[in-house]
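These notes are about the structure you will find just below.
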Amino acid sequence: MHERSGSHPGPLVDPDAEQVGDGRVPPAPDHVSERPPDVGADRGQPPADVEQWTGAPAAEPEPEGEPPRARSPWVARVPLILVGLTVVFNLWALHPNAYTTTYANDSSVHVSMARWAEMRISEGHLPFDGWFPYLDLGSSRFHHYQALPAILTGAAGAVVGTEGAFHWLTYLLIALWPICIYFSTRLLEWEPWVAAIAAVVSPLIVSQPSLGYEWTSYTWGGYGLYTQLWGMWLLPFSWALTWRAVSGRGRYWPAALVTALTIGAHLLTGYLALLVIGVWVLIRPSQFLRRVGRAALVGAGALLGAAWMLVPLLTDAKWTTQDPFSRGNPAYDSFGAWKILSWLVSGAIFDNKRIPIVTVLAGIGLIVCCVRWRRDERARAVVAAGTLSMLLFFGRPTWGAALKVLPGSGDLFLRRYIFGVHLAGIVLAGVGAVWAGGAVRRFALRVREHAAGRWRPVVATGLVVVLALALIGPAFADRGVYAARQFAWVGVQRNAEATDGADVRTLVDKAESLGPGRLFAGQGASWGHGYMVGFVPLDIEMLYSLTDAVGFNRPTWSLSSSVTHFFDSADPAQYQLFDVRYIIEPSTATPLVPATRVMERGRYVLYEVHRATGYFDVVDAIAPIEADRTDLGTQMQSFLRSALIGEGRYPTVAFAGAPGAPPTLRAGQSASGPAGKVLSEVDDPDDGR
């Protein structure tokens, strides 16, 4: 551990001195020197209210006339044992996520990105850029997105296979997270018991708004936020290491490196990590100038380390989609202070639809830290970081135009900053649990003063343990029920993939052998809704097959996503516009446009659309449409609904203030004949050509 300046040369916390009931007092940690002069106790000496300073219960005196009790060596290991038991529970409960099968959530995109990265690496190319063709007409996905998790997963996949690597990494990153919480909390200089209890409650978070540091954000039956999962591991260490660096307790380079990795793994998480560096400056006003310099060094180092991703993203920002479907709703704006605070008070931020045990412990921890505010920088750090996260989580309904003071705030999905609230709340719950446990134990000791002296500590400690199990047991039982549902769902999906999924993949292979053109197998809530392989829609099955398809549409996936959202599956002209040549649908359905039956496998049929060609057409250009990354889809609607597509008259696009390509036909001018025809075409979408 990094040495600290000052008069106390020993370890930061003496683990043996934290035993309950041994009559010993730990030396004052470094932050004790911040207490006001009226507290007394020189640095290096224990303060009178040792429980208040250490977060651990004060030791009760030995009964008179009895020799000191022998210390049990295993007692010092109890915090680590609790962390280990929590990890074992997670490994059991989450093991279905290690089974390879198709996801029905955002992990489907992340798997396909990792597979693309694996292909690039296996072919001897760098995976840091390139055309990703499988989503919404394609995008430079590794140029405009947090690609580090996909690259690392693809690198592992080049050795062991990407599907297996992705599922095992997801499983282990969720299951082992209590270890991350324990060691990052220790780096924040909290005692082992605080860190251990924080680790124990870390898998118990369940929120009403969701998408925070909770299982449903990442599991097979949840949302599949794979990049946030990597950020979830990095943010606790970023907070701890940057705080140590800015406060003069640690080195700069580890803090900058971990924060750079956080930015590369998940931009929203990295943004919060950078903002929190400024918080470390403000929580110690007396050292403002000194801390500003340290914070600048750490922040500059982090930005430099993440420049490989940030420079392309910023220089080509105008090509990064910000479509209208992602704006003006809670997913983008968040929910506002009133609703969020009501959720917090009701327990829905940490314990939705459950006994609010984590909420209560975090509330106690918040009170304890506020009481210690002037004297304990650790307390200020966790409360300040959590407060900043909560303010961001309030979102645009609360702050409105004031958010413009934050650079790049227009691209922030503010709902997601619940994860910072969760992280701070987990640490506060550890603080609150240790304080509450100490209070209950002292109360029990006083109530049972008539009992035999040597048994009073045992009875008091037993009471604390029983109460803890009674309170936290239902929360773990709730997680067990969730795990059982996961196991059942994954089993159904694996069986479906072995039968219906195999048939769909056969049809995809057949279509790709017939010539260039995109596939269509349904689109979201419109045509094809309910066409499934198990729980997975057919449009996502297309993505898993790494085939170029139209249909799987999500905001922010590509610049064209807001255009393909309006694809009319009953309009033959739009099949030509979007280069859709093949359709896969259940054998009980009938195509909405003229098409020829090509092959049937099991419950599904492959059709080829009449008059469809490959990716290229020769058309006449007319006056451009003005658009940018925020309104491309809405600006294109009039063209999509017109007869111009069938007439071969396409507008060009004057994009982001640039002039559009010159038209070949002026307004009112008629074409003298077809603009031309494609004689031959060679396509290699997997290689971006």
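The values are calculated or read from the model by the stated rules, or taken from the named source; none is laboratory data. Values in this document were obtained by computation on a predicted structure and should not be read as measured data. Backbone-built Cβ (ideal geometry, glycine too); neighbour counts: all protein chains shown. What goes into the accessible areas is simple: the full protein's heavy atoms, side chains included, and nothing from ligands, DNA or RNA. Shrake-Rupley method; radii C 1.70, N 1.55, O 1.52, S 1.80 Å.
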For the stretch 490-533, just say rounded, prolate or oblate: build the C-alpha gyration tensor, square-root its eigenvalues into a ≥ b ≥ c, call rounded for a/c under 1.5, and beyond that prolate if a/b exceeds b/c, oblate if not.
-> oblate
Please give the length that would be gained between Arg689 and Leu257 if that part of the chain were fully extended, namely 0.36 nm times their separation in residues minus their C-alpha to C-alpha distance (nm, one decimal).
-> 151.9 nm
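State in Å² the accessible area per residue of the chain; use a 1.4 Å probe, count heavy atoms of protein chains only, and round to the nearest integer. Spell out each step's value before the answer.
Details: 29450 Å² over 689 residues.
Per-residue accessible area for the chain comes out at 43 Å².
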Would you list, by chain and number, the lysines whose Cα falls below 29 Å from the Cα of Lys510, excluding same-chain residues fewer than 8 positions away?
-> Lys677
Pop out the carbon and sulfur fraction of the accessible area of the chain as a percent, whole number, probe 1.4 Å.
-> 63
If you add up the charges near Ala511, with Lys and Arg at +1 and Asp and Glu at -1, over every other residue whose beta carbon is less than 14 angstrom from its beta carbon, what do you get?
-> -4
For the peptides 226-233, 608-615, what is the packing order when you average, over each peptide's residues, the other Cβ atoms within 10 Å and list the highest mean first?
-> 226-233, 608-615
Enter the angle in degrees (range 0 to 90, nearest 10) between the Cα long axis of helix 456-496 and the first principal axis of the Cα atoms of the chain, meaning the one along which they spread out most.
-> 10
15 Å beta-carbon shell around Ser207, net charge (K/R +1, D/E -1) | +3
Distance in nm between label sites at Ala439 and Trp338, each 7 Å beyond Cα in the beta-carbon direction?
-> 3.2
Taking only protein heavy atoms and a 1.4 Å probe, the highest-to-lowest accessible-area order of Tyr99, Tyr145 is Tyr99, Tyr145
For Phe142, what accessible area in Å² do you get when you roll a 1.4 Å probe over the heavy atoms of the protein chains, rounding to the nearest 10?
-> 10
What does the highest-first list of 663-674, 573-584, 338-349, 308-319 look like by mean Cβ count within 10 Å?
-> 573-584, 338-349, 308-319, 663-674
Largest-first ordering by accessible area, 1.4 Å probe, given options Val111, Val653 | Val653, Val111
With axes computed from alpha carbons, what is the tilt in degrees of helix 288-305 against the longest principal axis of the chain, rounded to the nearest 10 within 0 to 90?
-> 40
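What do you reckon, how do Val466, Val490, Val78 stack up by accessible area (1.4 Å probe), largest on top? Walk me through the numbers before you get to the answer.
Working: Val466 95, Val490 0, Val78 25 Å².
Most to least solvent-accessible, the answer reads Val466, Val78, Val490.
Rounded if a/c is under 1.5, else prolate if a/b is larger than b/c, else oblate: which is the stretch 286-363, with a ≥ b ≥ c the root eigenvalues of its Cα gyration tensor?
oblate
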Around Arg611, with a cut-off of 12 angstrom between Cβ atoms, what is the net charge of the other residues, counting Lys and Arg +1 and Asp and Glu -1?
-> -1
Once you sort the root eigenvalues of the Cα gyration tensor of the stretch 511-634 as a ≥ b ≥ c, which label holds: rounded (a/c under 1.5), prolate (a/b larger than b/c) or oblate (the other case)?
-> oblate
Starting from the Cα of Lys404, draw a straight line to each of the lysines and keep only those under 28 Å, dropping any in the same chain fewer than 8 residues away.
-> Lys318, Lys339
FRET efficiency, Ser638 to Ala296 (Cβ-Cβ, R0 41 Å, nearest 0.05) = 0.25
Angle, helix 502-514 long axis vs. longest principal axis of the chain, Cα atoms, 0 to 90°, nearest 10?
-> 40
Helix-only [θ]222 nm of the chain, DSSP H runs n ≥ 4, -39500 (n - 2.57) each, per residue, nearest 500 = -15000 deg cm²/dmol
Estimated FRET transfer efficiency (Val78, Leu403; beta-carbon r; R0 51 Å; 0.05) = 0.65
Could the peptides 395-403, 564-572 be put in order, highest first, of the mean number of other beta-carbon atoms found within 10 Å of their residues?
-> 564-572, 395-403
